[in-house]
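Read-outs: derived from the displayed coordinates by stated rules, not from any lab. Note that the structure is a prediction, hence the values are computed from the model and not measured. Methodologically, a virtual Cβ is constructed for each residue, glycine included, from the backbone with ideal geometry; neighbour enumeration extends over all protein chains shown.
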Amino acid sequence: MTKFTVVSAKLPDELYKELALRIPEGERSAFIRDAILEKLEKTPRPDRIFGLEQKVNQLINEVNKIKDGLAKLELFTYDGEKVNPHAFCIDETDNKIVDYLLDHRGATTTELAEHLETNRWLALNRLRKIAKTSKKQLGKAIIEYYPGQRHGKRKAWWIREDQTET
């Protein structure tokens, strides 16, 4: 025989009255037990969900490795079509950064920080995130960092005009 454990539950008065009306007094415990078992059968186990989540993450990582390999071989790069650089923005700050780069062709992190009225580390992290996201999706980043002198600016970020639609 299976050992039973007593469980108490708080029910709304209407629900208890309905239960008392429909189920005889000696059968209520079995009814509630069966209802819980029926509900548990429909609910997936957490360890199974965790296992499925791990498998999905593993598949995503493997697909990203394949994409990276193909991008290195230049087989999986953008197909020559121009893309909207705002597609890689996640919020208003990113949109302001891309707008500034489009208007000025390039900018240093200090210039962007002054424009955004924030610190330059936030601007730098956002630039890196946009570059990483675009590289992951297109095979080539839509913005790039160039440490040398270009158009009168040193150590600046530049938008790739050959890839962007204006």
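Points to keep in mind about this one:
- Each other residue within a Cβ distance under 10 Å of Trp158 adds +1 if Lys or Arg and -1 if Asp or Glu, for a net charge of +2.
- Computed from backbone phi with θ = phi - 60° and the Karplus coefficients 6.51, -1.76 and 1.60, the 3J(HN,Hα) list for region 113-120 is 4, 5, 5, 7, 6, 9, 7, 6 Hz; x is used for glycine and proline.
- Helix axis angle, 46-72 relative to the chain longest principal axis, alpha carbon, degrees: 20
- Long-range HN-HN contacts of Thr108 with modeled amide H, under 5 Å: Trp157
- Surface/4 of the Cα convex hull for the chain, nm²: 19.0
- Projected label distance in nm at Val56 and Glu38, using a 7 Å step from Cα toward the beta-carbon: 2.9
- Local net charge near Glu92, Cβ-Cβ under 13 Å (Lys/Arg +1, Asp/Glu -1): -2
- Here is the tail figure for region 6-61: Cα pairs spaced more than 18 Å apart come to 55 percent of all pairs.
- Value of relative contact order over the chain, rounded to a whole percent, pairs C-alpha under 8 Å and six or more apart: 20
- With R₀ set to 41 Å, the beta-carbon distance separating Asp103 from Asp47 gives a calculated FRET efficiency near 0.20.
- Residue order for Ser8, Ser29, Ser134, fewest other beta carbons within 10 angstrom first, comes to Ser8, Ser29, Ser134.
- Angle between the chain longest axis and helix 28-42 axis [Cα atoms, degrees, rounded to 10]: 30
- Taking amide H positions as modeled 1.01 Å from N, with prolines and chain starts lacking one, the residues under 5 Å from Lys140 and 5 or more places away or on another chain are Tyr78.
- All Cα pairs of region 85-159, percent lying beyond 17 Å: 36
- Given Lys67/Lys153; Lys65/Lys135; Lys82/Lys129; Lys55/Lys140, the pairs whose alpha carbons are separated by over 23 Å: Lys67/Lys153; Lys55/Lys140
- Projecting label points 7 angstrom from Cα along Cα→Cβ for Thr93 and Val63 puts them 2.9 nm apart.
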